[in-house]
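Trainee: Starting off with a structure, shown below.
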Amino acid sequence: ADGCDAVIHAAALKRVCQGEQHAEEFFKTNIEGSKNVIASARTCSVSQTLFVSSDKATSPINHYGKSKAVSENIFIESNRLGVSRSCRFSVVRGGNVWGSRGSVLDLWRQAKAEGRPIEVTDPDATRFYLRMSEWTAFCQRAIDEMRGGEIFVPKLCAWRLGDLAEAFGGSVRMNGDRHGDKQHEVMIAPDEARRMVDIGWAYVIEPSPDFRQVWNY
């Protein structure tokens, strides 16, 4: 991080089903790893550090979401210690990135190429999505406009998995719910909505007044 103006921390273990079987590994990578990024940013006086979180962190029910939620809180609280070195820390919280490694697009394309049916857990389940180009542009704007302590949330569309599978074409096999899956993801929890503001290009969950007193928010 030495010599950097900004750091975007996107590294994580992300597979929900794996997290339900290997909680300790998710703790070490997603939480301890985030703490290491924060420590490095403070040591090197990086002015802006952005944590890439997930909709799974909102009212989490699985180890992946819980580890992301803890990491969000650690990043926001880090503004208290970072202020003495002019370091600011913020969060972006997104949905599924269309076409990223391990996404349904990736998996379903492979299944079709191999002549296998595409697999769907729950056709009525809904998921938020955005394209990679939209996600990178959103993160860049968050870096440009962050004050420290915010959670930036994009305004996203959602798909119903059954409709997506039908549009994708080919045969479909229903597998049933996986342990740790939500039927419907949520981007902003009800209690967070009290601190949410609409800034046009995004929703922002602002830090609590107790935190804001420490740095010039």
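Trainee: Kindly provide the GluC sites (Glu not before Pro) of the range 56-164 that DSSP labels as loop, not H, G, I, E or B, and whose Cβ sees at most 11 other Cβ atoms within 10 Å.
Mentor: Filter output for the range 56-164: E114.
Trainee: Right, another one. Using the structure shown, list the pairs from K28/K68; K35/K56; K56/K112; K35/K68 with a Cα-Cα distance above 22 Å, or answer none.
Mentor: Checking Cα-Cα distances, K56/K112 exceed 22 Å.
Trainee: Also: Tally up the carbon and sulfur contribution to the accessible surface of the range 14-160 as a whole percent, 1.4 Å probe, everything protein left in place.
Mentor: With neighbouring chains kept in place, the figure for the range 14-160 is 47 percent.
Trainee: Does anything in the range 177-214 have its amide N under 17 Å from the 7 Å Cα→Cβ label point of S86, and if so which residues?
Mentor: Zone members listed by number: none at all.
Trainee: Here's something else I'd like to know. Tell me, how many Å apart are the Cα centres for the range 104-129 and for the range 29-51?
Mentor: Distance between centres, Cα-based: 35 Å.
Trainee: Could I ask something else about it? Over the range 110-216, what is the mean sequence separation of C-alpha contacts under 8 Å (at least six apart), divided by residue count, expressed as relative contact order in percent?
Mentor: 38
Trainee: Still on this structure, I have one more. Solvent-accessible area per residue for the range 21-110 at a 1.4 Å probe radius, Å²?
Mentor: 44
Trainee: Figure the gain on full extension for R109 and Q18 (residue separation times 0.36 nm, minus the Cα-Cα span) and round it to one decimal in nm.
Mentor: Difference between extended and current length: 30.6 nm.
Trainee: How big is the charge dipole of the range 39-116 about its Cα centre, in debye rounded to the nearest 20, if each Lys and Arg gets +1 on its Cβ and each Asp and Glu gets -1 on its Cβ?
Mentor: Its charge dipole is roughly 60 debye.
Trainee: Additional query: Please identify the helices of the chain, taking whole runs of DSSP H, that span at least 30 Å along their own axis as judged from the Cα atoms and have a mean Kyte-Doolittle score of 1.6 or higher.
Mentor: Membrane-span-like by this criterion, though nothing is claimed about a membrane: none.
The values are calculated or read from the model by the stated rules, or taken from the named source; none is laboratory data. Given the structure is predicted, the values throughout are model-derived calculations rather than measurements. Ideal geometry is used to build each Cβ from the backbone, glycine not excepted, and the neighbour counts take in all protein chains shown. Protein only, heavy atoms only, side chains kept; ligands, DNA and RNA dropped before computing areas. Shrake-Rupley method; radii C 1.70, N 1.55, O 1.52, S 1.80 Å.
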